[in-house]
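> Below are the structure tokens for one structure; questions will follow.
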Amino acid sequence: MNQLLSRILDAHGGMDRWRDYEEVEATIVAGGGFFSLKGMIQDATPRRLTAWLHQERSSVLPFGAPDQRALSTPERVAIEKLDGTVLAERHAPKDSFAGHQMSTPWDALHLAYFNGEALWTYFTTPFLLAKDGVYVEEVEPWREGAETWHVLRAQFPGSIETHSLIQDFFFDTDLKLRRHDYSVNIAGGFPAAQLTSDYIVADGIHFPSKRRAYTRGPDRRPITEMLMVSIDISEVRFKREQSPSRE
């Protein structure tokens, strides 16, 4: 494992602790101009996310109605009632974004897929960088004001659904994530810079509770007048695998 990555994982709670958990649950409030570009109404309703840590799978509720949720994996997205009744589903969902640009309208299943791959990426970072098949290298440091940040560049395998195959992760001198750069390939590949802040600790895992994604300019700086996505995170709980009950 990359030596810097190993230190970063230790600063976020350690790989042994991470492996001991199976799921994370959190309350999220999302906003930003990206959703309106897609014709999606994004209100300030708190939603409950469940993400599986060691497989790419997630759910968000409510979704579209108080008694509905969205389920997402790389192979399938679905909108269903809380009793399991399937209202809509799409297999090989990434294929439905072929030819999309930044302002191409979405339907609810497009949104469900985006929520799934984006939130799963965020809630598993930086431990995601240690997964099999992910190639990580340290690249040129980034100067931010009076600070110098470490930068890890990750190349993801095609088996992981995420924003783009190559992404940059910026860590400060305390090895906390401060910024995350990527291209939004399902929306024409526009470049984004996501700033992260307000670290919290939940069940021994450290991660940022505020994320603000902006379009990224040619100078690699975020264009702060163009807030695309905001996410506020609270009420976080990591869960271990439940042992089978004994009768």
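The values are calculated or read from the model by the stated rules, or taken from the named source; none is laboratory data. All values derive from a computational prediction rather than experimental measurement. Because the Cβ atoms are built from the backbone with ideal geometry, glycine has one as well, and the counts that use them run over all protein chains shown. Note: areas computed on protein heavy atoms with side chains; ligands, DNA, RNA excluded. Shrake-Rupley method; radii C 1.70, N 1.55, O 1.52, S 1.80 Å.
> I'd like to check something: does segment 128-142 contain any residue that is open to solvent by less than 50 Å² (accessible area, probe 1.4 Å), among the hydrophobic types (A, V, I, L, M, F, W, C) and in contact with an Asp or Glu (Cβ under 8 Å, 6 or more places away or on another chain)?
Yes, because at least one residue in segment 128-142 is open to solvent by less than 50 Å² (accessible area, probe 1.4 Å), among the hydrophobic types (A, V, I, L, M, F, W, C) and in contact with an Asp or Glu (Cβ under 8 Å, 6 or more places away or on another chain).
> Report, by residue number, each residue of segment 19-52 that is of a type in the set (D, E, K, R) and in a strand (DSSP E or B).
Glu23, Glu25, Arg47, Arg48
> May I ask you to list pairs of residues, at least six apart or on different chains, whose Cβ atoms are under 8 Å apart, with the first in segment 145-162 being within 29 Å of Ser58 (Cβ to Cβ) and the second being among the basic types (Lys, Arg)?
Trp149/Arg143; Trp149/Arg178; Trp149/Arg179; Ile160/Lys131; Glu161/Lys94
> Name the residue, out of Ile200, Ile231, that is in a strand (DSSP E or B) and surrounded by fewer than 21 Cβ atoms within 10 Å (Cβ to Cβ).
Of Ile200, Ile231, the one residue that is in a strand (DSSP E or B) and surrounded by fewer than 21 Cβ atoms within 10 Å (Cβ to Cβ) is Ile200.
> Right, next: Tell me which residues, restricted to segment 34-46, are touching a strand residue (DSSP E or B) at 6+ places or on another chain (Cβ under 7 Å) and closer than 14 Å to Leu111 by Cα.
Listed by number, the residues that qualify are Phe34, Gln42.
> Turning to a different aspect of this structure: For segment 65-98, which positions are surrounded by 16 or more Cβ atoms within 10 Å (Cβ to Cβ) and of a type in the set (Gly, Ala, Ser)?
Ala70, Ser72, Ala78, Ser96
> Looking at Arg47, is it surrounded by 14 or more Cβ atoms within 10 Å (Cβ to Cβ), touching a residue at least 24 places away in the same chain (Cβ under 8 Å) and out of contact with any helix residue (DSSP H, G or I) (no Cβ under 7 Å at 6 or more places or on another chain)?
Taking the combined requirement at face value, the residue does not satisfy it.
> Within the set of pairs 6+ apart or on separate chains, which have a first residue in segment 1-12 that is within 13 Å of Val134 (Cβ to Cβ) and modelled with pLDDT of 95 or more, a second that is open to solvent by less than 50 Å² (accessible area, probe 1.4 Å) and in a helix (DSSP H, G or I), and C-beta atoms under 6 Å apart?
Leu5/Leu129; Leu9/Met15
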